[in-house]
Amino acid sequence: MQGNDGDLGLTGSDTDRPFRNRLNVHWLARECAAWIKKKVELRGAPGALPQSLLIASKAETALTRVITGNCSFSTEGLGITPGNQFSLIQCSEGPEESATFSAWFTSIWNSLPANEQHKNAFLARLQELASPKPASLIYYLTLFQIFKDLGDELDEERIVKSATGIRNTTVWKKLYKFQRDGVIGAIDKLERLGGCIIADSVGLGKTFEALAIIKYYELRNDRVLVLVPKRLRDNWTLYKANDRRNFLASDRFNYDVLNHTDLQNAADDGNRRVISIQLPEPTDRQDYPTISAITRERLRRAGKKIREKNSMFAGDLGFRVFKLASSNIRAWDPKRDDLPTTLEESIDHLKSDRTEQDILFELLLKLGLDLTVPIDKQAIAGKAVHSVGAGTLLACMAEKIAASEVEPLALGIVAWHKTLSPAGDTTIVFRDSAFANDVSKTNLTAILQQHGLENVRSL
């Protein structure tokens, strides 16, 4: 077995990660310990063994097979996972050779003391693996990974750049020593890791630690946004105000304050973009069956209220809602015992229960386009054609395009493209199964390419 200095010990090496990810180490350790207690005799060597020896045979019978070399009793040694390709492993080819290896093993085995010390130590390590661990261990291991490369104390001079003048601010002077240490540690993590959570208990001054961190970055000419629940908004705007209750007024804080449901674009001519991710938690209500349904209604009402209060506001108060789902394109999953049926089912590889809009937004994702780009729609030759991003993408997801409709559809797309005059190249996408035959598809592509639209694709 590996020594205590092995990086992962009895749980294997990096190549065993897929097995550890099955999360059955506790069970395996218990089963292994029970097996060793009942059926295994174990002796310990005083030092590392230069090579391994595996002997397979039944009691009181001739040896079946002997393997020697770099073949430890591990997944790498047994050939289950990739190992060192330069390792030398030999296998006995006959009874005489097996007997020679067996005699060598027996002489080594008999030279080792027979006691229960090593077996008990091994079982203790297995028991440690099998025993349940508290959930807090993950928290402690996370802290260890974050702090292991630091010394005993944080270097204040290195982390907090004194030239900013942070030590001369009112908020810094009002901090206790433990709060200043928290500020220094938070700044260090923000600089090294890009984020930090201050998790002190209630009443230990997390707000003032946060204000000191904010002031530090303001003194570096960085913009700071404070995102808080609406009921706490006044608590944070107070420290920016020229108010007799604000004992930090001399620090002249200049951060922005927003709520997580804020739609204040009309108030300051802002142009904020927000993504809200919610689980469809049920509400037991008929009108709003999920929490996300309530959110959509709140956004509609908030937009309506802003429009009523600011009649001159010309900004965008709309929003788009997306639901996590599998791809609209059916994956290739052949039935090996019935390939003809599989091929027939794959003629149209777009899923039948998906709408044009579903397919269109997947195209946006695959082409790297912003999901908030404007989308226009026109009927050309009786087919709906979508323009995304002022002509960056033109898509026609019609299910059927007859041969007689090919030329008017292509010329209509060309005319619309000239009107849009996109700055860059345009990608045009059609549903592959929509064409009556390959000739129709080739003719449509040729007409578009004759007018400079070279990037034509089909799904």
Inset, instruction - For segment 361-390, name all the residues that are over 21 Å from residue 318 (Cα atoms) and in contact with a Leu (Cβ under 9 Å, 6 or more places away or on another chain). - result: 363, 367, 380, 381, 382, 383, 385
Inset, instruction - For segment 393-410, enumerate the residues that are surrounded by 14 or more Cβ atoms within 10 Å (Cβ to Cβ) and modelled with pLDDT under 85. - result: 397, 398
Inset, instruction - Scan segment 417-429 and give yes if some residue there is under 41 Å from the mean Cα position of the chain (by Cα) and closer than 14 Å to residue 356 by Cα, otherwise no. - result: yes
Legend entry - The one condition in (1) modelled with pLDDT of 85 or more; (2) part of a loop (DSSP other than H, G, I, E, B); (3) not aliphatic (A, V, I, L, M) that residue 109 fails to fulfil: (2)
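Rundown of residues vs (1) free of Cβ contacts under 8 Å to residues at least 24 places away in the same chain; (2) charged (D, E, K, R); (3) part of a loop (DSSP other than H, G, I, E, B); (4) over 21 Å from residue 434 (Cβ atoms), yes/no style:
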| residue | (1), (2), (3), (4) |
| --- | --- |
| 293 | yes, no, no, yes |
| 296 | no, yes, no, yes |
| 299 | no, no, no, yes |
| 302 | no, no, no, yes |
| 318 | yes, no, yes, yes |
| 334 | yes, no, yes, yes |
Legend entry - Hits in segment 347-357 (condition: more than 16 Å from residue 322 (Cβ to Cβ) and crowded, with 16+ Cβ neighbours inside 10 Å): 350
Inset, instruction - Take residue 331 and decide whether it is surrounded by fewer than 11 Cβ atoms within 10 Å (Cβ to Cβ) and closer than 20 Å to residue 430 by Cα. - result: yes
Inset, instruction - Look through 371, 360, 364 and report the one residue that is of a type in the set (A, V, I, L, M, F, W, C), within 19 Å of residue 325 (Cβ to Cβ) and not in a helix (DSSP H, G or I). - result: 371
Legend entry - From 254, 271, residue being in the same structural domain as residue 169 (by TED's automatic domain parsing) and either modelled with pLDDT under 85 or part of a loop (DSSP other than H, G, I, E, B) (or both): 254
Inset, instruction - Give just the number: which of (1) free of Cβ contacts under 8 Å to residues at least 60 places away in the same chain; (2) closer than 25 Å to residue 410 by Cβ; (3) in a helix (DSSP H, G or I) does residue 387 not satisfy? - result: (3)
Inset, instruction - Confirm whether residue 405 is part of a helix (DSSP H, G or I), touching a residue at least 24 places away in the same chain (Cβ under 8 Å), of a type outside the set (A, V, I, L, M, F, W, C) and within 21 Å of residue 326 (Cα to Cα). - result: no
Legend entry - Matching residues, segment 193-208, being among the β-branched types (Val, Ile, Thr) and either farther than 21 Å from residue 145 by Cβ or touching a residue at least 60 places away in the same chain (Cβ under 8 Å) (or both): 202, 207
Inset, instruction - Would you check which residues across segment 185-242 are in a helix (DSSP H, G or I) and among the hydroxyl-bearing types (Ser, Thr, Tyr) and list them? - result: 207, 216, 217, 237, 239
Inset, instruction - Return yes or no: is residue 336 more than 27 Å from residue 365 (Cα to Cα) and of a type outside the set (S, T, N, Q)? - result: yes
Inset, instruction - Spot the failing condition for residue 197; the list is (1) exposed (fewer than 11 other Cβ atoms within 10 Å of the Cβ); (2) modelled with pLDDT under 85; (3) of a type in the set (Val, Ile, Thr), and only one is missed. - result: (2)
Inset, instruction - Within segment 320-364, track down each residue that is of a type in the set (Asp, Glu) and at pLDDT below 80. - result: 333, 337, 338, 344, 345, 348, 353, 356
Inset, instruction - Please specify each residue of segment 13-38 satisfying the condition of being within 18 Å of residue 124 (Cα to Cα) and either among the charged types (D, E, K, R) or outside the structural domain of residue 119 (by TED's automatic domain parsing) (or both). - result: 30, 31, 37, 38
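Residues are listed down the side, and each one gets a yes or a no for (1) in contact with a Phe, Trp or Tyr (Cβ under 8 Å, 6 or more places away or on another chain); (2) part of a helix (DSSP H, G or I); (3) of a type outside the set (A, V, I, L, M, F, W, C); (4) under 27 Å from residue 57 (Cβ atoms):
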site	(1), (2), (3), (4)
81	no, no, yes, yes
86	no, no, no, no
101	no, yes, no, yes
104	no, yes, no, yes
114	no, no, no, yes
118	no, yes, yes, yes
123	no, yes, no, yes
126	no, yes, no, yes
132	no, no, yes, no
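The values are calculated or read from the model by the stated rules, or taken from the named source; none is laboratory data. All values reported here derive from a predicted model rather than from experimental measurement. Please note: Cβ atoms are built from the backbone with ideal geometry, for glycine as well, and neighbour counts cover all protein chains shown.
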